[in-house]
Amino acid sequence: MSDQSIKSYRDLRVWQGAMSLAESCYRLVAQFPRDELFGLTSRIRRAAVSIPANIAEGHGRENTGSLVKSLRISQGSPKELETHLLLAERVGILAAPELELALGRCESLGKMVRALIRSLQDKSTK
């Protein structure tokens, strides 16, 4: 967090990746049936948006402990998102190739979040 190049949460690669994932999820669910608007569509959007929102909130508190706490909260959202996506595929409203791409993005983002948490914790113990 002491890196001078990080002036805003928008400078964090993990936030940028989370925003890209949320954007792709919005595009993905746009093809879902209208009767899913208040079901899986809404849940997928909410889970996807909560990831960058939690990262931004933690960064905005301007202390490493708060950021780590928010990052840990945001770790659960990709798993929630994956679950909704898997269900969408099971009920036939999401094709397997689209599912695999989305799951890969969730996994990649999860790794980024874990790496940032470890990095912040390492810095705070030094």
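The values are calculated or read from the model by the stated rules, or taken from the named source; none is laboratory data. Fair warning: this is a prediction, and the values are worked out from it, not measured in the lab. For neighbour counting, all protein chains shown are included, and Cβ atoms are generated from backbone atoms with ideal geometry for every residue, glycine included.
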So which residues in the stretch 1-60 are outside any helix (DSSP H, G or I) and under 18 Å from the mean Cα position of the chain (by Cα)?
SER8, LEU12
List the residue pairs whose Cβ atoms are under 6 Å apart, where the first residue sits in the stretch 103-126 and is within 12 Å of VAL14 (Cα to Cα), the second is loosely packed, with under 14 Cβ neighbours inside 10 Å and at pLDDT below 95, and the two are 6 or more positions apart or on different chains.
none
Test: GLU98 is surrounded by 15 or more Cβ atoms within 10 Å (Cβ to Cβ), touching a helix residue (DSSP H, G or I) at 6+ places or on another chain (Cβ under 9 Å) and of a type in the set (Asp, Glu):
yes
First in the stretch 84-96 and in a loop (DSSP other than H, G, I, E, B), second anywhere and charged (D, E, K, R), Cβ under 7 Å, 6 or more apart
ILE93/GLU36
Among the residues of the stretch 26-50, how many are among the hydrophobic types (A, V, I, L, M, F, W, C) and in contact (Cβ under 8 Å) with a residue 60 or more places away in the chain?
2
Is there a residue being in contact with a Phe, Trp or Tyr (Cβ under 7 Å, 6 or more places away or on another chain) and not acidic (Asp, Glu) anywhere in the stretch 5-14?
yes
Residues in the stretch 101-110: is at least one modelled with pLDDT under 95, among the basic types (Lys, Arg) and surrounded by 12 or more Cβ atoms within 10 Å (Cβ to Cβ)?
no
Are any of the residues in the stretch 45-65 more than 28 Å from SER124 (Cβ to Cβ) and among the polar types (S, T, N, Q)?
no
Farther than 18 Å from LYS7 by Cα and at pLDDT 95 or above: does that describe ARG34?
no
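Residues are listed down the side, and each one gets a yes or a no for (1) aliphatic (A, V, I, L, M); (2) in contact with a helix residue (DSSP H, G or I) (Cβ under 6 Å, 6 or more places away or on another chain):
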site	(1), (2)
ILE6	yes, no
GLU36	no, no
SER50	no, yes
SER66	no, yes
